[in-house]
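The values are calculated or read from the model by the stated rules, or taken from the named source; none is laboratory data. On a predicted model such as this, the values are computed, not experimentally measured, just so you know. Cβ placement follows ideal geometry from the backbone for every residue including glycine, while neighbour counts extend to all protein chains displayed. We work out accessible area using only protein heavy atoms, side chains counted, and drop any ligands, DNA or RNA first. Shrake-Rupley method; radii C 1.70, N 1.55, O 1.52, S 1.80 Å.
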Amino acid sequence: MDLQAIIRDVPDFPKKGIVFKDITTLLKNGPAFKQALEQMLAPYKDAGVDVVVGAESRGFIFGAPLAAMLGVGFVPARKPGKLPAVTIGRSYALEYGTDTIEVHKDAILPGQRVLLVDDLLATGGTALAMAQLVEDAGATVVGLSFLIELSFLPGRAKLAPRPVSSLISYASE
């Protein structure tokens, strides 16, 4: 099944000149969603993953089912102030300013093997912050799995040398 053909382009969203890749058309298609999950998991199926971390919020959509498929736990990586217990966080640069991603302090243990999941790899800021957060906790990033990669942006290079996989690559806007 051609997953890229199922994703809808929305021109000029969220602002003029941007073509938004709308994954809701893929999510509502059961067979396509299942295929996407299976393909996102394939490179890491035998990697000894102990826990999956998904980035807020679309990373939850893919990360939680991937964790269930592996029979391991799922950790939500959230914006500040969204998690109720003690957290650890990592800040990262945005086009204008900074943002922070957090997980519960007891969610990732030293020595664990972690798979990071999100829907989209663009500039790599969020993914790099998640990877560094995992590494700060004493765990190992076994890979980063994305549905979509905007390969004309520097995300993959920013994440090196960590293993990165994506199902669909867009080489230009």
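Considering only 170, 61, 83, and ranking their Cα positions along the charge dipole of the chain that arises from unit charges at the beta-carbon of Lys, Arg, Asp and Glu, the one farthest toward the positive end is 83. Across the range 1-100 the C-alpha pair distances fall into 5 Å bins from zero in the proportions 2, 10, 15, 17, 18, 18, 13, 5, 1 percent. Accessible surface comparison of 1, 40, 69, probe 1.4 Å, protein chains only, largest first: the order is 1, 69, 40. Annotation: average projected area of the range 19-74 is 4.2 square nanometres, based on the convex hull of Cα atoms across all directions. A simple charge model with +1 on the Cβ of Lys and Arg, -1 on the Cβ of Asp and Glu and nothing else charged puts the dipole of the range 87-173 at about 300 debye relative to its Cα centre. Ellipsoid semi-axes for the range 115-173, based on the Cα gyration tensor and the rule √(5λ), read 20, 11, 8 Å when sorted largest first. Using alpha carbons only, how many degrees (0 to 90, rounded to 10) separate the axis of helix 30-41 from the longest principal axis of the chain? That works out to roughly 50 degrees. Of the residues 110, 43, 84, the one that moves most in a GNM of the chain with alpha-carbon contacts below 10 Å is 84. In a reduced charge model with +1 at each Lys and Arg Cβ and -1 at each Asp and Glu Cβ, the range 71-126 shows a dipole moment near 200 debye about its Cα centre.
Of all lysines in the structure, those lying under 24 Å Cα to Cα from residue 79, and not within fewer than 8 positions of it along the same chain, are 15, 21, 105, 158.
Rounded to the nearest 20 debye, the dipole magnitude of the chain is 140 debye, with +1 charges on Lys and Arg beta carbons, -1 on Asp and Glu beta carbons, and the Cα centre as origin. Projecting the Cα atoms of 48, 92, 129 onto the dipole axis of the range 19-173, where Lys and Arg carry +1 and Asp and Glu carry -1 at the beta carbon, places 48 farthest toward the positive end.
Estimated translational diffusion coefficient (Stokes-Einstein, Kirkwood radius over Cα pairs, 20 °C, 1.002 mPa s) of the chain: 131 µm² per second.
Cross-link partners for residue 16 among the aspartates and glutamates, with Cα-Cα distance under 20 Å and sequence neighbours closer than 8 places in the same chain left out: 95, 173. For the pair the range 71-122 and the range 146-173, the centres of their Cα atoms are 19 angstrom apart.
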